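The values are calculated or read from the model by the stated rules, or taken from the named source; none is laboratory data. Keep in mind it's a predicted model, so treat the numbers as computed, not measured. Because the Cβ atoms are built from the backbone with ideal geometry, glycine has one as well, and the counts that use them run over all protein chains shown. Note: areas computed on protein heavy atoms with side chains; ligands, DNA, RNA excluded. Shrake-Rupley method; radii C 1.70, N 1.55, O 1.52, S 1.80 Å.
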Amino acid sequence: MISVSEALDHLFALAGPLDTETVPLSQANGRVLAAPVQARRDQPPFAGSAMDGYAVIGDEVQPGATFTVIGEAAAGHGFDGEVAKGQAVRIFTGAPVPQGASRVVIQEDVIRDGDTITLRDNLDQGTHIRPKGADFADGSDVTAPRLLGPSDIALLAAMNIAEVPVTRRPRVAILSTGDELVMPGENPGPDQIIASNSFGLQAMLRDLGAEARLLPIARDTRASLETAFSLADDADLLITIGGASVGDHDLVGEVAVDLGMERSFYKIAMRPGKPLMAGRLASGAMMIGLPGNPVSAMVCGHVFVTPVIRAMLGLGQAAVQERHATLAAPLTPNGPRQHYMRARIEDGQITAFDNQDSSLLTVLAAANALLIRPPSDGAREAGETMAYLPI
C-alpha cells in the first residue's frame, strides 16, 4: 500500500491540463480562465461625477461664492462646452465632468435661484470626481488560471471583453459495477441495492466544473465490463465504482489491464477507501477505480478526484487544502491507515461521528467535514487542534 500523498503524486502524473476553447462571456461563469486577457478601455473612460451637484473650478469654492449655471450633464449625456470662472454645470452621478471643472459641489451645499447658485457656509470638502482609469486602465491584465465567478464576469464585461479563453471541461464517464445494483426508481430484487455512489459523484464532478455522464451499470462478467469500457472511449477520465478489490467477482482491474490499461498504483493506506487504483487506458484516458462502499467512494472523490479535476482544469496540482478546528470531544488512538472521519463543524469546533461504518450514507449526509487522523495517531483530547477537509 502507498500513502495518500504518494497516490496523489501518481494521479497528478496522469492528469495534465486540458486544451482550451473560447466561449461567450455570458457562458463563462464557473469556467477556468486559461490565459490572461487585457482590458480594452479605461474604467471609468472619463473623469466622472460621484455625486449629484454642480461642476465648478475647484479654486473658486468657498462659502458664499456664487456661480452662473450654464448647462447640465447627465449619465450618457455630457456637457458640450468648457467651464470658465464663475460658471457651474448642473451634474448628476455618472456624468462626465465638463472640461475646465475640477470639483463637484454636492447639491445639499448649494442654494439655487434661477440660473444662480450660492454655496452654503458649511461646505463638504470632497471633490467628488472619479478620475479616468481609477478602476482599471486600458491594457490591464486579468491573470490566469482563474476560476471565474460573478464578480469576475462583471469585471470582464466592464473591460469590454465579449469572449474569453477557458479550459475545456473534463469529460468524465462514471461506471458502476456489480450484479447487486439497480438504478433509482427500479424495483430491486431481494439481493439487490440501489446504485447511489454514481449519482453522488456525478453531482460532485459537475460542481467542480466537469461534464460527467453515467454509463449503464456493468455486471460482474468480462463481456459486460468490456462493453462498458468501450463506451468511455471519448472520456478524459473514467471512474469505475466497485469491483476493484481482490474477490472472485472483482474483475474491473483485471479487465482494464487486459484492455491495455497501464496501472499506476493499487491500494492506499487510508480508511475508508483502501482498494483504490489508477492508470492510463489504451484510449489515452485516465482511469480511477474507486471502492464500492458508498462512503468510501464519496470520500475518495473528495480526497482524490477533486484534485485531479482541478489539475485537468489548469488550477494546479495540489491536494485539497486542509483547514483546522478545535476538537470538541476526545478521540481514541487511530490505526495504521490515514483515517478520514465523517465529522461536523459547528462554532469553530469539530466533532467526529461515533459510527464510522463505510456503508452509512446517513452519517455522510449529516457531515460537513472529514476529520483527518494520520496513521498511528495517538489518542486526542478535547481542545486539541485537528486538520479537516470541508465537504
- Message: I'd like the full set of residues that are open to solvent by 30 Å² or more (accessible area, probe 1.4 Å) and over 14 Å from residue 116 (Cα atoms), limited to region 82-93.
- Response: 82, 84, 92, 93
- For region 182-194, does any single residue satisfy the condition of being in a loop (DSSP other than H, G, I, E, B), closer than 22 Å to residue 278 by Cβ and touching a residue at least 12 places away in the same chain (Cβ under 8 Å)? no
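Looking only at region 371-385, which residues are open to solvent by 40 Å² or more (accessible area, probe 1.4 Å) and touching a His at 6+ places or on another chain (Cβ under 6 Å)?
385
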- Task: Mind listing whichever residues of region 20-51 are over 17 Å from residue 144 (Cβ atoms) and in a strand (DSSP E or B)?
- Result: 24, 43, 48, 49
- Query: So which residues in region 339-359 are open to solvent by 50 Å² or more (accessible area, probe 1.4 Å) and farther than 24 Å from residue 2 by Cα?
  - Reply: 344, 346, 347, 349, 351, 353, 354, 355
- Query: In region 121-155, what count of residues is obtained for those that are open to solvent by less than 100 Å² (accessible area, probe 1.4 Å) and assigned to a loop (DSSP other than H, G, I, E, B)?
  - Reply: 17
- Item | Selection within region 185-207 - open to solvent by 60 Å² or more (accessible area, probe 1.4 Å) and modelled with pLDDT of 95 or more | 199, 206, 207
- Pairs where the first residue, in region 138-158, is within 14 Å of residue 38 (Cβ to Cβ) and the second is part of a loop (DSSP other than H, G, I, E, B) and hydroxyl-bearing (Ser, Thr, Tyr), C-beta under 9 Å, 6+ apart: none
- Message: Given the criterion touching a strand residue (DSSP E or B) at 6+ places or on another chain (Cβ under 9 Å) and surrounded by fewer than 13 Cβ atoms within 10 Å (Cβ to Cβ), identify the matching residue among 71, 100, 64.
- Response: 64
- Item | Failed criterion for residue 210 (all others in (1) open to solvent by 30 Å² or more (accessible area, probe 1.4 Å); (2) hydrophobic (A, V, I, L, M, F, W, C); (3) farther than 19 Å from residue 256 by Cβ hold) | (1)
- How many residues does region 263-287 hold that are closer than 25 Å to residue 357 by Cα and open to solvent by 20 Å² or more (accessible area, probe 1.4 Å)? 6
- Item | Extreme residue, nearest to residue 286 (Cα to Cα), among residues of region 22-31 that are surrounded by 13 or more Cβ atoms within 10 Å (Cβ to Cβ) and in contact with a strand residue (DSSP E or B) (Cβ under 7 Å, 6 or more places away or on another chain) | 31
- Message: Regarding region 4-21, can at least one residue be identified that is open to solvent by less than 40 Å² (accessible area, probe 1.4 Å) and over 30 Å from residue 322 (Cα atoms)?
- Response: no
- Message: Can you confirm whether residue 260 is under 24 Å from residue 173 (Cβ atoms), small (Gly, Ala, Ser), assigned to a loop (DSSP other than H, G, I, E, B) and open to solvent by 30 Å² or more (accessible area, probe 1.4 Å)?
- Response: yes
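Listed residues 212, 173, 235; which is within 17 Å of residue 290 (Cβ to Cβ), in a loop (DSSP other than H, G, I, E, B), in contact with a strand residue (DSSP E or B) (Cβ under 9 Å, 6 or more places away or on another chain) and touching a residue at least 24 places away in the same chain (Cβ under 8 Å)?
Every option except 235 fails the conditions.
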- Which condition number does residue 163 fail, the rest of (1) touching a helix residue (DSSP H, G or I) at 6+ places or on another chain (Cβ under 8 Å); (2) crowded, with 16+ Cβ neighbours inside 10 Å; (3) over 25 Å from residue 284 (Cα atoms) being met? (2)
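With a cut-off of at least 2 residues that are in contact with a Phe, Trp or Tyr (Cβ under 8 Å, 6 or more places away or on another chain) and either under 23 Å from residue 175 (Cβ atoms) or modelled with pLDDT of 95 or more (or both), name the helices (runs of 4 or more DSSP H) lying wholly within region 289-391.
306-312, 361-366
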